[in-house]
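Engineer: Below is one structure. I have some questions about it.
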Amino acid sequence: MSVTASQVQGAVQTLTQSSDTLFLLLGAIMVFLMHAGFAFLEVGTVRQKNQVNALVKIIADFGISAIAYFFIGYWVAYGGTFLADANTLSQGNGYELVKFFFLLTFAAAIPAIVSGGIAERARFYPVLIATFFTVGLVYPLFEGIIWNGNFGIQAWFEGQFGAGFHDFAGSVVVHGVGGWIALVAVLFLGMRKGRVRAGKHTNFAPSNIPFLALGAWILCVGWFGFNVMSAQTLNGISGLVAMNSLMAMAGGIVAALVAGKNDPGFIHNGPLAGLVAVCAGSDLMHPIGALVTGLIAGVLFVYLFTYLQNKTKIDDVLGVWPLHGLCGAWGGIAAGIFGQSALGGLGGVSLSVQILGTLMGISVALIGAVLVYGAIHKASGLRLSEEDEFNGADLAIHKISATNME
């Protein structure tokens with residue numbers, strides 16, 4: 001029985017489609033697992049009376065995010081819906097469905113980031129309502145501009161500067177936007193009770209360093225799915241992305257180790273700072289450029305978080321604004337620096353555009369967050385009562401503590 005050229009071509013196409021679908025599905029699962037990392041990082045950082053709430057918030061936020069992104073967010077960003085019949089949706093091995101799952105895990109990172117900043121004093125359901133609107137409208141607005149060319153802004157950048165805004169895996173699109181949204185939410189909520197005593201700032205020690213460390217490790221492992229599998233096809237996979245992620249992570253660790261003076265909280269957040277910063281240019285930079293990017297991000301996180309906690313009224317429990325917001329912004333700019341061919345990068349990137357695009361992402365996040373959290377703050381309030389905050393969110397909201405004290 002002879003095999004025709006068209007049959008061979010069809011078989012190759014089917015194999016390619018199924019391989020790409022599996023590749024992206026594995027990436028989606030890895031990034032989905034990162035949400036466990038967000039959860040345990042928060043559990044280990046907050047006081048024991050708020051540990052259950054930390055766990056419940058992350059998984060509840062993911063459920064709300066899935067609904068918001070399925071019905072609204074994906075349409076806002078990419079113009080696609082899932083109203084067709086199942087036969088149509090499953091064409092091409094269901095690649096588009098898996099792509100949605102992958103992009104959803106990115107979108108759901110927004111409330112997971114915010115959760116760490118507003119921990120220990122936020123009401124439960126108002127925060128879930130905010131999640132619906134930030135994931136359904138605010139985040140996908142900027143996502144669509146950068147990753148789908150909406151509103152012609154990327155085309156304008158290319159026409160004016162010769163290059164569009166480059167953010168391969170979301171330093172600005174995901175982390176920057178999430179971090180700056182978190183800043184607004186933190187400001188609306190105010191400081192936790194007991195943070196200032198006798199006119200001096202008091203820092204609450206992490207409740208469980210092993211859980212904090214576990215969260216950081218899960219995030220570090222999942223990040224290689226976050227970055228490498230942002231290629232979205234097997235054909236687009238790049239070992240350079242993996243190497244740059246590794247080097248930026250190492251740079252963040254070393255910087256936090258030195259700048260943080262052996263503090264375990266800083267050391268375990270250091271690699272996350274480096275990974276946040278390298279997302280944007282991980283497909284462009286030379287590994288040494290990625291290392292420098294990570295080193296700077298680690299130092300930025302340690303010093304800015306220390307300053308916020310000791311000198312300001314910004315009570316960001318996990319330091320998500322310096323970690324995601326500021327290191328994410330640094331990552332967008334770093335892609336424009338270390339992506340240049342003169343510094344060993346692959347080129348094709350404009351520093352001016354990287355700065356403008358980063359500022360645009362910050363603006364969208366700030367304006368969107370003020371509208372969403374401001375409206376909820378006015379309508380129902382965002383903060384627990386003083387008594388509930390004192391007793392802890394676990395008992396006040398969920399009627400159970402993390403450990404049986406009997």
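Engineer: Rolling a 1.4 angstrom probe over the protein heavy atoms, how many square angstrom per residue are accessible across the range 153-297?
Structural biologist: Ligands and nucleic acids excluded, the figure is 37 Å² per residue.
Engineer: Assuming R0 = 30 Å, can you tell me the calculated FRET efficiency for the pair A379 and A205, based on Cβ-Cβ distance, to the nearest 0.05?
Structural biologist: 0.30
Engineer: Here's something else I'd like to know. Taking the alpha-carbon distance from K399 and a cut-off under 18 Å, which lysines remain once sequence neighbours fewer than 8 residues away in the same chain are dropped?
Structural biologist: Cross-link targets: K49, K57.
Engineer: Let me ask something additional. Tally Lys/Arg at +1 and Asp/Glu at -1 over every other residue whose Cβ is under 15 Å from the Cβ of R195; what's the total?
Structural biologist: +4
Engineer: What whole-number distance in Å separates the alpha-carbon centres of the range 133-205 and the range 61-81?
Structural biologist: Spelled out, the Cα-based centre of one part sits 18 Å from the other.
Engineer: Can you compute the charge dipole magnitude of the chain about its Cα centre, using +1 on each Lys and Arg Cβ and -1 on each Asp and Glu Cβ, nothing else charged? Give it in debye, rounded to the nearest 20.
Structural biologist: 1040
Engineer: Rank T88, T131 by accessible area, highest first, at a 1.4 Å probe radius?
Structural biologist: Per-residue accessible area, sorted high to low, gives T88, T131.
Engineer: Taking a 1.4 Å probe, which of W147, W217, W330 shows the most accessible area, and what order do the others take after it?
Structural biologist: Of W147, W217, W330, the descending order of accessible area is W217, W147, W330.
Engineer: A further question on this structure: If you count only protein heavy atoms with a 1.4 Å probe, what accessible area per residue comes out for the range 32-112, rounded to a whole Å²?
Structural biologist: Spelled out: the 1.4 Å probe surface of the range 32-112, per residue, equals 39 Å².
Engineer: Additional query: If you add up the charges near A334, with Lys and Arg at +1 and Asp and Glu at -1, over every other residue whose beta carbon is less than 15 angstrom from its beta carbon, what do you get?
Structural biologist: Residues near A334 contribute -2 overall.
Engineer: Would you mind computing, in nm to one decimal, how far apart the modelled labels at N235 and A11 are, each placed 7 Å from Cα along Cα→Cβ?
Structural biologist: My value for the distance between the label points is 2.0 nm.
Engineer: In whole percent, and with a 1.4 Å probe on the protein chains, what portion of the accessible area of the range 9-398 is carbon and sulfur?
Structural biologist: 69
Engineer: Any lysines with Cα under 17 Å of the K200 Cα? List them, leaving off those in the same chain fewer than 8 positions away.
Structural biologist: Qualifying lysines at Cα under 17 Å: K311, K313.
Engineer: Ok, one more. Springs between alpha-carbon atoms under 10 Å, Gaussian network over the chain: tell me which of A109, A259, A334 tops the mean-square fluctuations.
Structural biologist: Most flexible of the set in this elastic network: A259.
Engineer: Helix-only estimate, please: 222 nm mean residue ellipticity of the chain, summing -39500 (n - 2.57) across DSSP H runs of length 4 or more and dividing by its residues, to the nearest 500.
Structural biologist: -21000 deg cm²/dmol
Engineer: In degrees between 0 and 90, to the nearest 10, how far off the longest principal axis of the chain does helix 287-311 point, with axes built from Cα atoms?
Structural biologist: Roughly 20 degrees, rounded to the nearest 10.
Engineer: Report relative contact order for the chain in percent, whole number only (criteria: Cα-Cα under 8 Å, sequence separation at least 6).
Structural biologist: So the answer I get is 24 percent.
Engineer: Report the extension gain between H398 and E158 in nm, rounded to one decimal, defined as 0.36 nm multiplied by the number of residues separating them, less their alpha carbon distance.
Structural biologist: 81.3 nm
Engineer: Net charge around P111, counting only other residues with Cβ within less than 10 Å of its Cβ (Lys, Arg = +1; Asp, Glu = -1)?
Structural biologist: 0
Engineer: With a 1.4 Å probe and every protein chain left in place, tell me how much accessible area E158 has, in Å² to the nearest 10.
Structural biologist: About 100 Å², rounded to the nearest 10.
Engineer: When 1/r is averaged over all different Cα pairs and the result inverted, which Kirkwood radius in Å belongs to the range 26-113?
Structural biologist: 14.2
Engineer: Roughly how much of F82 is accessible, in Å² to the nearest 10, using a 1.4 Å probe?
Structural biologist: F82 has an accessible surface of roughly 30 Å² with all protein chains in place.
The values are calculated or read from the model by the stated rules, or taken from the named source; none is laboratory data. Model, not experiment: these values are computed from the prediction. Positions of Cβ are generated from backbone atoms using ideal geometry, with glycine treated the same way; all protein chains shown enter the neighbour counts. Remember, those area values only see protein heavy atoms, side chains included, never the ligands or the DNA or RNA. Shrake-Rupley method; radii C 1.70, N 1.55, O 1.52, S 1.80 Å.
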